[in-house]
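Since the structure comes first, as structure tokens, the remarks are kept for the end.
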Amino acid sequence: MNTESRTIGVGLISVGWMGKLHSRAYQTVPYAYPDLGLKTKLVIAADTAPSRVEYARDVLGFAEGTTDYHDVLNHPDVDVVSICAPNFLHAEIGIAAAKAGKHFWIEKPVGRGYQETAAVQEAAVDAGVVTSIGYNYRHAPAVEHARTLIADGRLGRITNVRAVFFSGYASEPNGALSWRFDRKLAGTGVLADLFSHATDLCQYVVGPIAEVTALTSNVYTQRPKLAMGSGTHFAVIENGEMGEVENEDYAAALVRFGPSAVGAGAVGTIESSRVAVGPECGYQIEVYGTEGSLKWDFERMNELKVCLGRNNEEQGYTTVNASPKHGDYSYFQPGPGNSMGFDDLKVIEAKKFLVAVAGGAQENSNIHDAASAAAIVSAAEASSLSGQWQKIEEIHGTTAARA
């Protein structure tokens, strides 16, 4: 597409790892997508730590810095805001951004459960602002190719789906009891953190999930306490005072896809763990149909395993390298075999967001996608407590794959 040349003012709230990544992504968009005519200006960044405010100015290149996020929302030169604060602040800041009339790109989970997420959704819709959610994995060119193959019917009728997101970030028993393990601050545990990513990917490539039954478990029920703001869950504390882990380490679910899905009537499994030993970012999706199947693994994100046809002379999977024919690959690499990385997915995410803000195609993930994922998470938690299947009301306005 072509947009008129325009400079978009950027505000950032929280200058942690993700805030730095958002900042770099905004700065890369004009270089990766010069045809869009979009430029960005880093206007103001907020963080409660003065040292991070200084870093935002001196290293990232923001013109101003502040310790009060309201200064970002009230700044007249800010058009879009990145919300990268800890989970328990997402809903508060998201609603405030909407009321300030600022388009916002917010990391997931948007709220500590469906009710908070729905409140942000309502505020964004009422304000008419553009939103984008940090479901970055869906932007991998191999995933975009998988979505196209499924939509074009190359796999036949979709029968079943398997998604797994295993990580070992909490596999250390003496890993600190950070806010991530506190229900008041984080809400659910691995359900909101990793399971929600997997549900988003399933819905993006196959379609809306209509029913779920689930179970959860805790591998470590206690962890050593950590003073707020003094470290992260990666900190290891030996012989520390122990505190209770209030949310789940592991979750597994059976799901059914609804009638509007490309894979209408298909069934599937979604499984997530934050305490697995081995996988560091073991994020995979497998989709099976009557005429073929495909597999994708984030740890090999530039490859897609594809099998098309039931009666081919050569059976088994073909490894398809991501190439300029797939997704946004051509904006980053000239030919197959040149790998893209995690940071590039955030650049694509920023580009889709800014294009939507500028009045272009609405291909960005949005607040409705976040609400849909939150509804599934809430249903999965309810099912783990009741042992019953839970129906999920379809949320309109998402980017889920539909027939």
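The values are calculated or read from the model by the stated rules, or taken from the named source; none is laboratory data. The structure displayed is predicted, hence computed values, not measured ones. Note: ideal-geometry Cβ built from the backbone for every residue, glycine included; neighbour counts use all protein chains shown. Ligands, DNA and RNA are stripped out before the accessible areas are found, and what is left, the full protein with its side chains, is counted by its heavy atoms. Shrake-Rupley method; radii C 1.70, N 1.55, O 1.52, S 1.80 Å.
Only one of the listed residues (142, 146) is touching a Gly at 6+ places or on another chain (Cβ under 9 Å) and either in a helix (DSSP H, G or I) or surrounded by 24 or more Cβ atoms within 10 Å (Cβ to Cβ) (or both). That residue is 142. Which one is modelled with the lowest pLDDT, of the residues in region 336-345 that are in contact with a Ser or Thr (Cβ under 9 Å, 6 or more places away or on another chain) and not in a helix (DSSP H, G or I)? This residue is 337. If you check 221, 213 for being in contact (Cβ under 8 Å) with a residue 40 or more places away in the chain, open to solvent by 20 Å² or more (accessible area, probe 1.4 Å) and not hydrophobic (A, V, I, L, M, F, W, C), only one passes: 213.
Counting only residues that are open to solvent by less than 10 Å² (accessible area, probe 1.4 Å) and assigned to a loop (DSSP other than H, G, I, E, B), region 249-270 holds 4 of them.
Taking region 239-248 as the range and being among the hydrophobic types (A, V, I, L, M, F, W, C) and either crowded, with 19+ Cβ neighbours inside 10 Å or free of Cβ contacts under 8 Å to residues at least 12 places away in the same chain (or both) as the test, only 245 passes. Of the numbered conditions (1) surrounded by fewer than 24 Cβ atoms within 10 Å (Cβ to Cβ); (2) within 16 Å of the chain's Cα centre (by Cα), residue 119 satisfies every one except a single condition; which is it? Of the numbered conditions (1) surrounded by fewer than 24 Cβ atoms within 10 Å (Cβ to Cβ); (2) within 16 Å of the chain's Cα centre (by Cα), the odd one out for residue 119 is (2). Would region 196-216 turn up any residue that is more than 23 Å from residue 387 (Cβ to Cβ), touching a Ser or Thr at 6+ places or on another chain (Cβ under 7 Å) and assigned to a loop (DSSP other than H, G, I, E, B)? Looking for residues that are more than 23 Å from residue 387 (Cβ to Cβ), touching a Ser or Thr at 6+ places or on another chain (Cβ under 7 Å) and assigned to a loop (DSSP other than H, G, I, E, B), one finds at least one in region 196-216, hence yes. Scanning region 162-204 for residues that are in contact with a Phe, Trp or Tyr (Cβ under 7 Å, 6 or more places away or on another chain), open to solvent by 10 Å² or more (accessible area, probe 1.4 Å) and within 18 Å of residue 244 (Cβ to Cβ) returns 173, 179, 185.
Table: residues versus (1) over 19 Å from residue 264 (Cβ atoms); (2) without any contact (Cβ under 8 Å) to a residue 24 or more places away in the chain; (3) not in a loop (DSSP other than H, G, I, E, B).
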position: 334; (1), (2), (3): yes, yes, no
position: 347; (1), (2), (3): yes, no, yes
position: 359; (1), (2), (3): yes, no, no
position: 364; (1), (2), (3): yes, no, no
position: 371; (1), (2), (3): yes, no, yes
position: 385; (1), (2), (3): yes, yes, yes
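Within region 276-324, being in contact (Cβ under 8 Å) with a residue 40 or more places away in the chain, open to solvent by 50 Å² or more (accessible area, probe 1.4 Å) and within 30 Å of residue 31 (Cβ to Cβ) holds for one residue alone: 280. Looking only at residues that are within 22 Å of residue 7 (Cα to Cα), open to solvent by less than 50 Å² (accessible area, probe 1.4 Å) and among the small types (Gly, Ala, Ser) in region 56-96, which one is nearest to the chain's Cα centre (by Cα)? Within region 56-96, the match that is nearest to the chain's Cα centre (by Cα) is 82.
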